[in-house]
Amino acid sequence: MSAIPWIVLFVGLLFTALGQFFFKLYYLKNSSRYVLLAIGCFISVPLFIYWALQSIGIGTVYMSTALTHIMILFLSWAFLKEQLTRHHFISMAFIISGVVLYAA
């Protein structure tokens, strides 16, 4: 199997996380450009996911969407200077464990 479907899936997940991140920025800064960026990201996500589904099973794609929560945490930490607590790391471990266990 080619790596391309996995890259496309990652891009779809990243755009999902970016869309949510831009919505968060919209509510923090009240600037309409962030809501437009969020909508743009969300509009593109189905295209990437559909493309990934051509080669990757629906169960794997669906389970991998849980990783967007981790992406959002790191985006918020890196760009909004939000603090990551012990509870965040425990939650991330559960999410990653669930995705890995499902994929195995």
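Considering only residues that are surrounded by 15 or more Cβ atoms within 10 Å (Cβ to Cβ) and either modelled with pLDDT of 90 or more or charged (D, E, K, R) (or both), which ones fall in the stretch 92-104? Spell out the reasoning first.
Going through the stretch 92-104, the residues surrounded by 15 or more Cβ atoms within 10 Å (Cβ to Cβ) turn out to be 92, 95, 99.
Once the filter is applied, which keeps residues that are surrounded by 15 or more Cβ atoms within 10 Å (Cβ to Cβ) and either modelled with pLDDT of 90 or more or charged (D, E, K, R) (or both), the stretch 92-104 yields Met92, Ile95.
Of everything in the stretch 39-69 that's assigned to a helix (DSSP H, G or I) and touching a Leu at 6+ places or on another chain (Cβ under 8 Å), which residue is farthest from Leu101 (Cα to Cα)?
So in the stretch 39-69, the residues assigned to a helix (DSSP H, G or I) come out as 39-53, 58-64, 67-69.
Retained after the next criterion (residues that are touching a Leu at 6+ places or on another chain (Cβ under 8 Å)): 41, 48-49, 52, 61, 64, 67-68.
On the way: Cys41: 29, Phe48: 24, Ile49: 21, Ala52: 20, Val61: 14, Ser64: 11, Leu67: 14, Thr68: 17 Å.
Checking each candidate, the answer is Cys41.
Every residue, every condition in (1) more than 18 Å from Thr16 (Cα to Cα); (2) exposed (fewer than 11 other Cβ atoms within 10 Å of the Cβ); (3) of a type in the set (Lys, Arg); (4) modelled with pLDDT under 95, yes or no:
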{"position": "Ile39", "(1), (2), (3), (4)": "no, no, no, no"}
{"position": "Ile43", "(1), (2), (3), (4)": "no, no, no, no"}
{"position": "Leu53", "(1), (2), (3), (4)": "no, no, no, yes"}
{"position": "Gly59", "(1), (2), (3), (4)": "no, yes, no, yes"}
{"position": "Ser64", "(1), (2), (3), (4)": "no, no, no, yes"}
{"position": "Leu67", "(1), (2), (3), (4)": "no, no, no, yes"}
{"position": "Leu80", "(1), (2), (3), (4)": "no, no, no, yes"}
{"position": "Arg86", "(1), (2), (3), (4)": "yes, yes, yes, no"}
{"position": "Ile90", "(1), (2), (3), (4)": "yes, yes, no, no"}
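Cβ-Cβ distance below 8 Å, separation of 6 or more or different chains: which pairs start in the stretch 88-104 with a residue that is assigned to a helix (DSSP H, G or I) and end on one that is surrounded by fewer than 12 Cβ atoms within 10 Å (Cβ to Cβ)?
Tyr102/Gly59
The values are calculated or read from the model by the stated rules, or taken from the named source; none is laboratory data. Quick caveat, the model's predicted, so the values are computed rather than measured. In this analysis, Cβ positions are derived from the backbone assuming ideal geometry, glycine residues included, and neighbour counts consider all displayed protein chains.
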